[in-house]
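Inspection log for the structure reproduced underneath, given as structure tokens.
The values are calculated or read from the model by the stated rules, or taken from the named source; none is laboratory data. Values in this document were obtained by computation on a predicted structure and should not be read as measured data. With ideal geometry, Cβ positions are generated from the backbone for all residues, glycine too; neighbour counts draw on all protein chains shown. Surface areas here come from the heavy atoms of the whole protein model, side chains and all, with no ligands, DNA or RNA. Shrake-Rupley method; radii C 1.70, N 1.55, O 1.52, S 1.80 Å.
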Amino acid sequence: MSSPVPRHLNLVGGGWVDGDRRANTNPARPGETVSEYAQAGPETTRAAIAAARAAQPGWARRPVAERMALLDRIGTAVLARVDELAVLLAREEGKLLAEARGEVTRAGQTFRYYAHQLLQPAGEVYASIRENVHAEVRRRPLGVVGVVTPWNYPLAIPAWKVAPALAYGNTVVLKPAELVPASAGELARIIVDAGAPPGVFNLVFGAGRVVGEELLTSPDVDGVSFTGGVDTGAHVARQCLAHGNKRFQLEMGGKNPLVVLDDADLAVAVGCALDGSFFSTGQRCTASSRIIVQAGIHDRFVAALAAAADALRVGDPLDPASQLGPVVSPDQLARNLDYVRIGADEGARVVAGGTHDPDAGQFMRPTLFADARSDMRLAREEIFGPVSCVLRVEDLDEAVAVANDTAYGLSAGIVTTSLAAAERFKRDARAGIVTVNLPTAGTELHLPFGGTGASNHGPREQGTYARDFYTVPVTCYTGW
Ligand code: NAD
């Protein structure tokens, strides 16, 4: 007898609320239901916002030790269930089991990290230029925070928003992406079981234009932390400004360059490009989707990377032999294949992958183009799949110019053995994250994360920088 399909309900004010049920399917086995989840709709979302509003002042006044203890218990509970949650995550998103384990671990560690951040100084004292005046800056919570997340990190992104929000005394309404409700549903259960007071954390499932829209327009939401695509981000910004001038934080897409110079170690360069372009099926905002290669190493590099891409084993994420999982959804697969056609029509040359067997379902071969140019759509638009392209350049100056020839600016990498070239790239690359001899993807939880240009708006996420979004500085002058 097969085991029953897990069911995830909305969490509103500490109670589980049902709604129209939807099935969540496994991208590796499209006929297989991973879980069922209940759609929230406007009414349930408004109730979640009201619950968060009611709970917020009380939560902010709880002693720091209590908030720390809750976050620590949540982190510990996540870490105790790494194997089980990783299987769920791999089944609903298509990430390899090893990557999923890494993501779950990261989520648990993030809650623990913010528990301990609460012992850091909570403000600053300044000398006053007036006599008998005490001047200080305190931090108060932002209030009720709407958290809107994408599908590609179903647990880590909710964690790196929810953990600092709760730590600094805010209450939360989380709206996860429709494709990955189960991970968020499990996180909600963990938060409730860890003893979060009712209303402190709420979860609503459903479409962005219905459930997300309530968060953007509600007068009872003080700020929205959003990660997703650029067009959705622009809409979030417009709505937040129009509805109460809410604070908003946007982390969006990328078209991240990886520069390979003639002096690079070829194996390091191929390793960085292979990981950055294709691992996680290219479904990372920090993926390297433009590989900018100096002429002297170009042909050897392209041949070696194409061979390495062709050798990748694409298969079920639960099979330890797989090196690349499926594309997350039929829509995303269609988009990837569109860009393969666009690249070919624009005159770029396929050197790996490039065809799709309909019998392969959502499993797509990694595709690499050579002879791309910076003015091609292939090299300008975010694809968000296992599709990358190589652009040939003559020298470091041209490499930097091509790397910066983008509206985005999330991550940028260089592979070189020249200290001078590395330092120049760190100085001149227009991106929020710069890597040297490492893939453009792969960040650490205690360092700030975020981009420039079209990739970002608002304060950085993660590390100590997260406090800037989730708190409001209050400047206090006291005469005595
Ligand atoms: P998306 O923009 O389609 O959706 C993101 C979230 O916004 C989802 O929860 C969605 O339901 C919600 N949404 C959609 N319309 C809305 C509306 N009108 N109001 C409120 N919410 C709405 O993005 P996606 O397809 O889930 O994720 C892929 C994108 O996310 C890529 O562009 C990728 O680069 C980006 N991303 C960025 C980062 C980063 O930190 N910079 C990290 C991961 C993913």
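Restricting the range 96-147 to trypsin sites (Lys or Arg not before Pro) that sit in a DSSP loop and have at most 14 other Cβ atoms within 10 Å of their own Cβ leaves R130. Using helices alone, I'd like the mean residue ellipticity at 222 nm for the chain: each DSSP H run of four-plus residues gives -39500 (n - 2.57), total over residue count, nearest 500. The helix-only estimate for the chain comes to -12000 deg cm²/dmol at 222 nm. Count Lys and Arg as plus one, Asp and Glu as minus one, and take only other residues whose Cβ is under 13 Å from that of W59; the net charge is then +4. The share of Cα pairs per 10 Å bin across the chain, counted from zero up to the longest distance, runs 4, 20, 28, 25, 15, 6, 1, 0 percent. Per residue, the accessible area of the chain comes to 40 Å², computed with a 1.4 Å probe over protein heavy atoms only. Evaluate the charge dipole of the chain about its Cα centre and quote only its size in Debye, nearest 20, assuming +1 on the Cβ of each Lys and Arg and -1 on the Cβ of each Asp and Glu. Using Cβ point charges on Lys, Arg, Asp and Glu, the chain gives about 1420 debye. In the complete set of protein chains, residue-level accessible area for R380 is approximately 90 Å², probe 1.4 angstrom. Among the helices of the chain, those built from whole DSSP H runs whose Cα atoms reach 20 Å or more along their own axis and whose mean Kyte-Doolittle hydropathy is at least 0.5 are 64-80, 295-311. Most simply put, the range 256-436 has about 10% antiparallel DSSP beta bridges, counting only bridges with both residues inside it.
Taking every protein chain into account, the 1.4 Å probe leaves D18 with about 70 Å² of accessible area, to the nearest ten. For the chain, the antiparallel share of DSSP beta bridges with both residues in that region comes to about 40%. Solvent-accessible area of the chain (1.4 angstrom probe, protein heavy atoms only): carbon and sulfur portion equals 53 percent.
With all protein chains in place and ligands, DNA and RNA left out, the 1.4 Å accessible area ranks Y408, Y114 as Y408, Y114, largest first. If you sort Y339, Y126, Y153 by accessible surface, 1.4 Å probe, largest first, the order is Y126, Y153, Y339.
Accessible surface comparison of D20, D359, probe 1.4 Å, protein chains only, largest first: the order is D359, D20. Computed about its Cα centre, the charge dipole of the range 256-436 is approximately 240 debye, with only Lys, Arg, Asp and Glu carrying charge at their Cβ. Accessible surface of T286, taken over heavy atoms with a 1.4 Å probe and every protein chain present, rounds to 10 Å². Selection among G276, I49, F205 by position relative to the dipole of the chain gives I49 as farthest towards the positive end (Cβ unit charges, Cα centre).
Dipole of the chain computed with +1 at Lys/Arg Cβ and -1 at Asp/Glu Cβ about the Cα centre; of G361, V221, Y153, farthest Cα towards the positive end is V221.
Shown here is the pair-distance distribution of the range 316-475: with all Cα-Cα distances grouped in 10 Å bins from zero up to the longest one, the shares run 9, 29, 33, 22, 6, 1, 0 percent.
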